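Here is the structure we will look at, set down as structure tokens.
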Amino acid sequence: MPVEIERKFLVLSDAWRETATGSQKLRDGILARFGDGKVRVRIADDQAWLTVKGPRRGLRRSEFEYEIACSEAEEMLHTLCDGPVLEKTRYFVPCGEFTWEVDVYEGALAGLILTEIELEHEDQAFTVPTWVGREVTHDPRYRKVNLLTLYANPQAALGRKTSLR
């Protein structure tokens, strides 16, 4: 079974920009939710995928990805997504044996910058770069579905004193 093991962190500074080796524009939308899982459609430059993610068990979750036509993904983003589409630029930042992915959000989430690292096993050791801040892997405010809620109604979220920084 395909498994994703990732850890997510806040970003403290722009120092990562010095070593970024590339980037891509991403647009994500949620098609369905089931329990703690979801079905997402994503467009990255000129490619698109449907992704099914199961519930998180520790740092692990099942993840199934299927490449689809960009035209179909565009149609899904415009007609089937549950909530707004999130837009971000993902930068690739090598550090040791890993490549960190830094997501710079746009639109209503402008100013939010998160980074993640994908691991081969849950207890795999890695060095945390100086520009990486607090871990938010298990903080529900940073789950895609909650970011989408914030994106749809940022004033309501701020009224509840929700701080994403």
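All told, ARG33 falls short of being touching a Lys or Arg at 6+ places or on another chain (Cβ under 8 Å) and either free of Cβ contacts under 8 Å to residues at least 12 places away in the same chain or not in a loop (DSSP other than H, G, I, E, B) (or both).
Table: residues versus (1) under 23 Å from ARG33 (Cβ atoms); (2) modelled with pLDDT under 95.
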site	(1), (2)
GLU63	yes, no
GLU72	yes, no
TYR105	yes, yes
THR115	no, no
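Of all residue pairs spaced 6 or more apart or on separate chains, those with beta-carbon atoms under 6 Å, a first member in region 92-105 that is of a type in the set (A, V, I, L, M) and crowded, with 19+ Cβ neighbours inside 10 Å and a second member that is modelled with pLDDT of 95 or more and assigned to a loop (DSSP other than H, G, I, E, B) are VAL93/ALA20. Please go through region 123-142 and pick out each residue that is surrounded by fewer than 12 Cβ atoms within 10 Å (Cβ to Cβ) and either of a type outside the set (Lys, Arg) or in contact with a helix residue (DSSP H, G or I) (Cβ under 9 Å, 6 or more places away or on another chain) (or both). ASP123, ALA125, THR127, THR130, PRO140, listed by residue number.
Region 67-144 holds strands (runs of 3 or more DSSP E) entirely within its bounds, and those carrying 3 or more residues that are closer than 21 Å to ILE43 by Cβ map to 86-95, 98-105, 113-118.
For THR51, the conditions (1) in contact (Cβ under 8 Å) with a residue 24 or more places away in the chain; (2) under 14 Å from the mean Cα position of the chain (by Cα); (3) surrounded by 15 or more Cβ atoms within 10 Å (Cβ to Cβ); (4) under 30 Å from TRP131 (Cβ atoms) all hold with the exception of (1). Scanning region 83-104 for residues that are among the aromatic types (Phe, Trp, Tyr) and touching a helix residue (DSSP H, G or I) at 6+ places or on another chain (Cβ under 8 Å) yields TYR91, TRP100.
Every condition in (1) surrounded by 16 or more Cβ atoms within 10 Å (Cβ to Cβ); (2) touching a residue at least 40 places away in the same chain (Cβ under 8 Å) is met by SER13 except one, and the failing one is (1). Can you tell me which residues in region 36-48 are under 23 Å from LEU109 (Cα atoms) and assigned to a strand (DSSP E or B)? The answer is GLY37, LYS38, VAL39, ARG40, VAL41, ARG42, ILE43, ALA44, ALA48. For region 36-48, filtered to residues that are under 15 Å from GLU87 (Cα atoms) and in contact (Cβ under 8 Å) with a residue 40 or more places away in the chain, the residue that is surrounded by the most Cβ atoms within 10 Å (Cβ to Cβ) is VAL41. Of all residues in region 111-121, one or more are more than 19 Å from the chain's Cα centre (by Cα) and in contact (Cβ under 8 Å) with a residue 60 or more places away in the chain.
One residue stands out among those in region 64-110 that are closer than 16 Å to ASN146 by Cα and of a type in the set (A, V, I, L, M, F, W, C): the one that is nearest to the chain's Cα centre (by Cα), which is LEU86.
The values are calculated or read from the model by the stated rules, or taken from the named source; none is laboratory data. Small disclaimer: the values here were computed from a predicted structure and weren't measured. Neighbour counts are summed over all protein chains in view; Cβ atoms, including those assigned to glycine, are modelled from backbone coordinates with ideal geometry.
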